[in-house]
C-alpha cells in the first residue's frame with residue numbers, strides 16, 4: 001500500500017538533515033514541494049534525484065487530489081516537503097494529509113526541524129502549555145479579533161510567526177494589547193545570524209526599532225501574558241478613566257490612542273465609547289493655551 005511521508009527539512013542549516021530524511025527522499029517516486037527551487041538545492045547537496053512536483057497554497061486543493069489519485073492507481077510512495085521546516089505547520093500539507101487519511105493511505109511523519117518548537121525551546125518562558133496561531137492576518141480588525149480571543153484564553157503563553165517586514169507593527173500590536181507581557185523573539189533560526197531576544201515587550205520593541213537589520217529574516221514570537229494584570233485592574237479601580245489613560249501613557253511611553261486599546265484590554269467592562277470620551281477630555285485638559 002502506498003505511503004505518504006511528511007518530511008521536515010532544514011529551516012536554515014542544511015546539516016540538520018538526518019540520515020532518515022535522506023533515505024526517504026531517495027526512495028520515494030515523487031516529492032511534492034512547496035518551492036521546487038529551494039528543494040532542488042537540498043536534493044543536489046545530497047545527490048538525490050527524485051522527481052519534483054509543485055505543491056503550494058495556490059494549487060494545494062487540486063494537487064492534493066492529483067497526488068492521492070496517483071498513489072492509489074500506481075501504488076507509489078510520495079513525500080511532501082515545505083520550503084523549510086515541517087509541512088502543515090503554517091505551511092501547505094494539511095489538505096493532502098487529510099485526504100490521504102480519508103482514502104486509507106498511511107501517513108508517516110519524518111521528524112526534523114520546526115521553527116515553532118525550536119523557538120519555544122530557547123524562550124525561557126513558561127511553555128508548560130501554549131497556543132499557536134501561525135501568521136497573523138493582514139487586516140487590523142482581524143488581528144484585533146484574534147488578540148481579543150487570546151486575552152480571554154486561560155493559556156498564558158502563545159506563539160506567532162511573522163515576516164521581517166511586519167515584525168515591528170506586530171510587536172506594537174502586542175505591546176498595546178498585552179500590557180506588561182514578556183516575549184522571546186527568535187530570528188533566522190539555525191542560520192549564520194541567528195539570534196533570540198528575551199525580555200519585556202517594551203524593551204524588545206525598542207531594541208528592534210533601533211536595529212537597521214530588524215527587517216531581515218523570519219521571526220518566531222513567543223509571548224507570555226502578564227499574570228498580574230488582574231491585580232493591577234483592582235488597584236486602579238477607584239480612579240477615573242482619564243487617570244488610567246494617563247497612567248498607561250506614562251508607564252508604557254505610548255500615545256493616547258495606544259493607551260485606549262491597552263485600557264480596553266485591561267478593563268473590558270469599559271465601553272469603547274466611554275474610553276474615547278475620556279480621551280477627548282484629556283485632549284481638552286492638556287490642550288496648549
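The values are calculated or read from the model by the stated rules, or taken from the named source; none is laboratory data. Quick caveat: nothing in here was measured; it's all calculated off a predicted structure. Note: ideal-geometry Cβ built from the backbone for every residue, glycine included; neighbour counts use all protein chains shown.
The table for this structure:
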{"quantity": "Members of segment 186-203 found to be under 13 Å from residue 216 (Cβ atoms) and outside any loop (DSSP other than H, G, I, E, B), listed by number", "calculated": "187, 195"}
{"quantity": "Subset of segment 29-50 that is at pLDDT 95 or above and assigned to a loop (DSSP other than H, G, I, E, B) - its residue that is farthest from residue 11 (Cα to Cα)", "calculated": "29"}
{"quantity": "Flag for residue 204 being under 16 Å from the mean Cα position of the chain (by Cα) and closer than 21 Å to residue 253 by Cα", "calculated": "no"}
{"quantity": "Checking residue 154 against (1) over 12 Å from the mean Cα position of the chain (by Cα); (2) outside any loop (DSSP other than H, G, I, E, B); (3) under 23 Å from residue 261 (Cα atoms), the condition it does not meet", "calculated": "(2)"}
{"quantity": "Selection status of residue 147, surrounded by 17 or more Cβ atoms within 10 Å (Cβ to Cβ) and in contact with a strand residue (DSSP E or B) (Cβ under 9 Å, 6 or more places away or on another chain)", "calculated": "no"}
{"quantity": "Qualifying strands (runs of 3 or more DSSP E) (wholly inside segment 64-140; at least 3 residues being assigned by TED's automatic domain parsing to the domain that holds residue 18)", "calculated": "78-81, 106-110"}
{"quantity": "Candidate set: segment 98-111, residues that are touching a strand residue (DSSP E or B) at 6+ places or on another chain (Cβ under 7 Å) and within 22 Å of residue 18 (Cα to Cα); chosen: the one surrounded by the most Cβ atoms within 10 Å (Cβ to Cβ)", "calculated": "110"}
{"quantity": "Count of segment 163-178 residues which are outside any helix (DSSP H, G or I) and crowded, with 21+ Cβ neighbours inside 10 Å", "calculated": "1"}
